[in-house]
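Here the structure comes first, spelled out in structure tokens, and everything after it is commentary.
Read-outs: derived from the displayed coordinates by stated rules, not from any lab. These numbers were taken from a predicted model, which means no experiment stands behind them. Here Cβ is always computed from backbone atoms with ideal geometry, including for glycine, and neighbour counts include all displayed protein chains.
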Amino acid sequence: MPTKNTKFYSLVLVIADTIVLLAAFSLAYILRVQYDDRPLLDNVYAWEYFLAFLTIVPFWILIFATLGLYHSSTYNRRLVEWGKVAIGAFIGILIVIGWEYASDKTIFPARLVAVYSFGISFFMIVFERELLRLTRSILFRFGYGIKRVLVVGNSSATKDIADNLSFTAKSGYKIVAIAGPSSVVPLGLNVTHFTSVEAALKQVKELHITTIIQTDLYDNEERNQRVLGTAQTNHISYSFIPGDPEFYAGKNTVDVFLGYPMISVSQTPLIGWGAIAKSIFDQIVSFIAIIILSPIFLLLILLQLIFNPGPVFYVSKRLSQFSKPVNLIKFRSMGAKYGKQDAAAEFREMGREDLALEYTRDHKVVNDPRVTRLGKFLRQTSLDELPQLINVFRGDLSLVGPRPILPQEAKFSRSRTALLHSVKSGVTGLWQVSGRSNLSFEERIELELFYAQNWSFWLDIKILFKTIGVVLRKRGAK
């Protein structure tokens, strides 16, 4: 829930954005009118220009608010915030230009002023917000504006939340006390530990608790009411975070059913218009990428024919969205006689029981003898995956998503395969930019489940940019 401190910070952002926008518009006017000798489209006096934008800025701030730039879920995530600032600045400029056209009243003395206004406002607002973020972090470090938290619970989620909130300078939270078994107290965290919630609730005032976070409901309804009642009596914040992520990840809607609040849980937020926008984005980007990279495709085909005789491409049956089989296309990196059956079986036929055991344990091998010299280069540079852009254009895959798994791999995690395949599989994904082949199979599954349950368009953009860096550094590629 929004607290007094978050509301105050949002108000500071509104005031700071207003001042910075006015400064940006003024600077754009000065740069073009005062320091550029080229003729103007129209003579707009400085005071007329400034008064016009004094009227327009509140609407600009309203655009920012509509984009969520004054909500903690945005300003606590740097890349999301920067993206929305850019969108807000662009929409604001379009509205001003549209209003100029509709009212036949000139605001910009030259077209370049609009360009300057967009660029300067974006960079100045980003700088202003980074400065405020740094200031807030310093204040947190010295104990100003922090929330003093009592965490109540018995599950691993209790320990995870306490551990993640323990860095006060970043989170703005200070874990003061934990009520639960000793196993939920993170190692090295200096907090007051209570084995019973009743004992903790008696110390709320003495410990100056301002927020209670509960992660598990007790079997005794009276105990749960006592926790909530303590928060209400002392006028402090109370939040309940379910310990089982399956109940709050994905897309949730709240409604009233038979007089009771009803929470409907979808497996993923990637539904409706979000799925349509992602599909259109995949089609456009994959088509452009195929055209641009066509010379590289032709060169690699030629190299395959010379140094790796046999089929140029390797087509593998994989499972994508809703466990639907798709034919995954890659440049062949193994010898022509390999890849036609399960890897463990092929290793056993080669007399390499050690590799078969390694594959059975890790679902990969570090040094695969089936890979050719050219194939090793293709894998290290990730060029073997370029043909998957064709899969994306055909609609088999998405640019970003969970790794398309082999049919036999579904048995390794049957309970989570359905959730993993609630979204379309991708060429790249969260696991590729978080360690790639250095991660264990279970770690990869956890990352991909997180993606499926927490999808956003900005997360896709972030993963795509990180993928470029990972590929260029050849980090984790095998």
Two pseudo-spin positions, 7 Å from Cα along C-beta at Val115 and at Ile461, lie apart in nanometres by 2.2 nm
Students often get this wrong: which residues of the range 382-407 have the backbone nitrogen under 13 Å from the point 7 angstrom along Cα-to-C-beta of Lys364? 382, 403-404
What are the membrane-span-like helices in the chain by this rule: whole DSSP H runs, Cα extent along the axis at least 27 Å, mean Kyte-Doolittle hydropathy at least 1.0? 4-33, 46-66, 78-103, 273-292
Antiparallel bridges, percent of DSSP beta bridges restricted to the chain (to nearest 5): 45 percent
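R0 = 30 Å: FRET efficiency of Ser239 with Trp273, Cβ-based, nearest 0.05? Mind showing how you got there, number by number?
Details: r = 29 Å, r/R0 = 0.98.
Efficiency computed from Cβ-Cβ geometry: 0.55.
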Just how large is the dipole of the chain about the Cα centre, in debye to the nearest 20, putting +1 at every Lys and Arg Cβ and -1 at every Asp and Glu Cβ? 1080 debye
Here the FRET efficiency for Gln203 versus Tyr144, based on Cβ atoms and R0 = 30 Å and rounded to 0.05, is 0.80
Arg148's amide H: which non-local residues (gap 5+, or another chain) put their own amide H closer than 5 Å, with H modeled 1.01 Å from N in plane and none for Pro or chain starts? Lys174, Thr210, Thr211
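Give me the extension gain from Ser182 to Phe313: residue separation times 0.36 nm, minus the current Cα-Cα distance, reported in nm with one decimal.
Once the chain is fully extended between Ser182 and Phe313, it gains 41.6 nm.
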Nearest 500 deg cm²/dmol is fine: what mean residue ellipticity at 222 nm does the chain get from its DSSP H runs of n ≥ 4 alone, each adding -39,500 (n - 2.57), divided by its residue count? -16500 deg cm²/dmol
How much length is gained if the chain between Ile280 and Val12 is pulled fully straight, taking 0.36 nm per residue apart and subtracting their Cα-Cα distance, in nm to one decimal? 92.7 nm
Return the label of the correct value of mean projected area of the Cα convex hull in nm², as calculated from the structure shown, out of [x] 27.1; [y] 21.8; [z] 31.0. [z]
What number, in percent, do you get for the relative contact order of the range 4-141 if the mean sequence gap of Cα pairs under 8 Å and at least 6 apart is divided by its residue count? 38 percent
Charges at C-beta only: +1 for Lys and Arg, -1 for Asp and Glu. How large is the resulting dipole of the range 4-141 about its Cα centre, in Debye rounded to 20? 800 debye
Hey, rough spin-label estimate for Leu79 and Phe287, points 7 angstrom out along Cα→Cβ, what's it come to in nanometres? 2.7 nm
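When only C-alpha pairs under 8 Å and at least 6 residues apart count, what is the relative contact order of the range 147-243, in percent?
Numbers: 170 pairs, mean separation 31.0, N = 97.
Relative contact order, the range 147-243: 32 percent.
Please compute the contact order of the chain in relative form: average sequence separation of alpha-carbon pairs under 8 Å and at least six residues apart, divided by the residue count, as a percent.
11 percent
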Using 1/(1 + (r/R0)^6) with R0 = 45 angstrom and r between the beta carbons of His71 and Gln34, what's the FRET efficiency to the nearest 0.05? 0.75
Report, by chain and number, residues whose modeled amide H sits under 5 Å from the one on Met334, excluding near sequence neighbours (fewer than 5 apart, same chain). Thr372
Extension reserve of the Ser156-Ala345 stretch, reckoned as 0.36 nm per residue once the Cα distance is removed: 64.2 nm
In nm, the gap between the two label points placed 7 Å beyond Cα toward Cβ at Ile19 and Lys324 is 5.4 nm
